[in-house]
Amino acid sequence: MNKALEEAAKELNEATSVVITIHTQPDGDALGSLLAMSRYLKKAGKRICPTWGEEIRIPTHYRWLPGIDEIVDFSRCNGADVLITLDCANEHRLGLIEERLAQFKTIINIDHHIDNSRFGTINVLDFKAGATCEIVYRLLRLMRADIDSDMATQLYTGIVTDTGRFQYQNTTSETLRIAADLVDLGAMPNFIFEKVYENVSFASLTLLARVLERAEFVKNTGLFYSYILDSDLKETGASMADSEIFIDYLRAAKEAEVVAIFKETSEGRLRASLRSKGTIDVGAIARTGGGGGHRNAAGVTLDKTIDEAVGWINERINTYKTASTTS
Ligand SMILES: [Mn+2]
């Protein structure tokens, strides 16, 4: 990866204009890496366009991030020397920008998803990184960036959210070392924690109550799941973005091996968020349905009813369990 990191640094040094983008439905890691990269390039005198490939709607618990107001709609980005994609496993995760890839001569693909399709002209991939923000941190260090407290805050936010507050299996000693550096550079852990995790609306707690009440446990597969209907949003006044952290509450169940939340989209499809607490690779399960993700955290969109989707996942957990006991 170090060679790719150096190539990326060289391209960025030479570039005068850069479009910076992330996956659609962005999470803390995507937003943190987008904002830190953008801030650095802007300070370095580049013309930048921070964006992503769908209507820009910032999840409530990230609206406080420094620089968040500078994100613009992709239609407002003019041509650029370089496109940087962050935390994006494949072209499809780019939304509208997927069809426009050909207009960029250089595409720097910076990511930590194990199934990354290497769609960049330069692929800066580290599957051991707990967050894309860790890789961005290393790139900024290599470029001798002056990492200010805003950039430290943006990067720390990405790391703390993608590692489940430094508790998931992707948390390494390197993750903690980078986080410690970021604290030295001005990131404030308690401030960020309160903004991200203790900043929920009453409406979203009402929605959480429904999710917990509906939760079901499937004993023979260890699947613990719940769901959110489109009508729940209207009835509680919460938004789907508010529900991003609900899965952490289900994870707390000691019996659970795999945790799932099914979210009905406005188009009537089901978006499943999956988490694994043990050996089951939910990234592999998601990929069999056209989704993607990591071993312990993944997502897939299914054209199924909730019952069908539960059956679909149970079947795959069983296949996975059988395969690992016979091999
Ligand atoms: Mn990530």
Subject >> Relative intensity, log₁₀ I(q)/I(0), of the chain from a Debye sum that treats every alpha carbon as a point, q = 0.07, 0.15 Å⁻¹ >> reply: -0.28, -1.27
**OP:** Quick one: which residues, 5+ away or cross-chain, put their amide H under 5 Å from the amide H of Tyr227? H built at 1.01 Å from N.
**Re:** Phe262
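Taking only protein heavy atoms into account and a 1.4 Å probe, give the accessible area per residue of the chain in Å².
45 Å²
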**OP:** Could you give the size of the charge dipole of segment 85-136 about its Cα centre, using +1 on the Cβ of each K and R and -1 on the Cβ of each D and E, expressed in debye and rounded to the nearest 20?
**Re:** 160 debye
**OP:** Taking 7 Å along the Cα-to-C-beta vector as the label spot, tell me the Asp148-Ala44 distance in nanometres, rounded to one decimal.
**Re:** 1.6 nm
**OP:** Rounded to whole Hz and in sequence order, give me ³J(HN,Hα) for segment 143-155 from the Karplus expression 6.51 cos²θ - 1.76 cosθ + 1.60, θ = phi - 60°, writing x for Gly and Pro.
**Re:** 7, 6, 5, 8, 7, 8, 5, 5, 5, 4, 5, 4, 5
Subject >> Built amide H within the under 5 Å cut-off of His113, gap 5+ >> reply: none
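From the helices alone, meaning DSSP H stretches of at least four residues, give me the mean residue ellipticity at 222 nm for the chain, per-run term -39500 (n - 2.57), in deg cm²/dmol to the nearest 500.
-12000 deg cm²/dmol
Using unit Cβ charges (K, R positive; D, E negative) and no other charged atoms, how large, in debye to the nearest 20, is the dipole of segment 236-283 about its Cα centre?
Using Cβ point charges on Lys, Arg, Asp and Glu, segment 236-283 gives about 80 debye.
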Subject >> the chain, accessible surface, carbon-and-sulfur percent (1.4 angstrom probe) >> reply: 48 percent
Subject >> Arg141 versus Ala180: modelled label distance in nm, points set 7 Å from Cα along the beta carbon direction >> reply: 1.2 nm
Original post:
Thr16 versus Ser201, label points 7 Å from Cα toward the beta carbon: distance in nm?
Top reply: 4.4 nm
Original post:
How do 235-241, 31-37 rank on mean C-beta neighbours within 10 Å, highest first?
Top reply: 31-37, 235-241
Original post:
What is the packing order of peptides 264-277, 181-194, 283-296, taking the mean over residues of other C-beta atoms within 10 Å and listing the highest first?
Top reply: 283-296, 264-277, 181-194
Subject >> Under the Karplus curve 6.51 cos²θ - 1.76 cosθ + 1.60, θ = phi - 60°, whole-Hz ³J(HN,Hα) for segment 180-197, x wherever Gly or Pro sits >> reply: 5, 4, 5, 5, 4, 8, x, 5, 10, x, 5, 4, 5, 4, 5, 5, 7, 9
**OP:** Please list, in chain and number order, the residues 5+ apart from Ile48 or on another chain whose amide H is under 5 Å from its amide H, with Hs placed from the backbone.
**Re:** Val18
Subject >> For segment 204-326, Kirkwood radius (reciprocal of mean inverse C-alpha pair distance, Å) >> reply: 14.4 Å
Original post:
DSSP loop trypsin sites (Lys or Arg not before Pro) in segment 137-211 with at most 12 other Cβ atoms within 10 Å of their Cβ, which ones?
Top reply: Arg144
Original post:
Quick one: if the Förster radius is 35 Å, what FRET efficiency do Lys3 and Ala323 give, using the C-beta to C-beta distance and rounding to 0.05?
Top reply: 0.45
**OP:** State the answer as a single residue: which of Leu140, Val200, Ala252 lies farthest towards the positive end of the charge dipole of the chain, with beta carbon charges of +1 for Lys and Arg and -1 for Asp and Glu, about the Cα centre.
**Re:** Leu140
**OP:** Kindly state, to the nearest 0.05, the FRET efficiency for Ser239 paired with Asp73, given R0 = 25 Å and r defined as their beta-carbon distance.
**Re:** 0.80
Original post:
In the structure shown, do any of Lys46/Lys105; Lys42/Lys195; Lys46/Lys128; Lys219/Lys277 have a Cα-Cα gap over 23 Å, and if so which?
Top reply: Lys42/Lys195; Lys46/Lys128
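Given the chain, what percent of its DSSP beta bridges are antiparallel, to the nearest 5?
40 percent
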Original post:
What percent does the relative contact order of the chain come to when contacts are Cα pairs within less than 8 Å and at least six residues apart?
Top reply: 13 percent
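The values are calculated or read from the model by the stated rules, or taken from the named source; none is laboratory data. These numbers were taken from a predicted model, which means no experiment stands behind them. Positions of Cβ are backbone-derived with ideal geometry, glycine not excepted, and every protein chain shown enters the neighbour counts. Ligands, DNA and RNA are stripped out before the accessible areas are found, and what is left, the full protein with its side chains, is counted by its heavy atoms. Shrake-Rupley method; radii C 1.70, N 1.55, O 1.52, S 1.80 Å.
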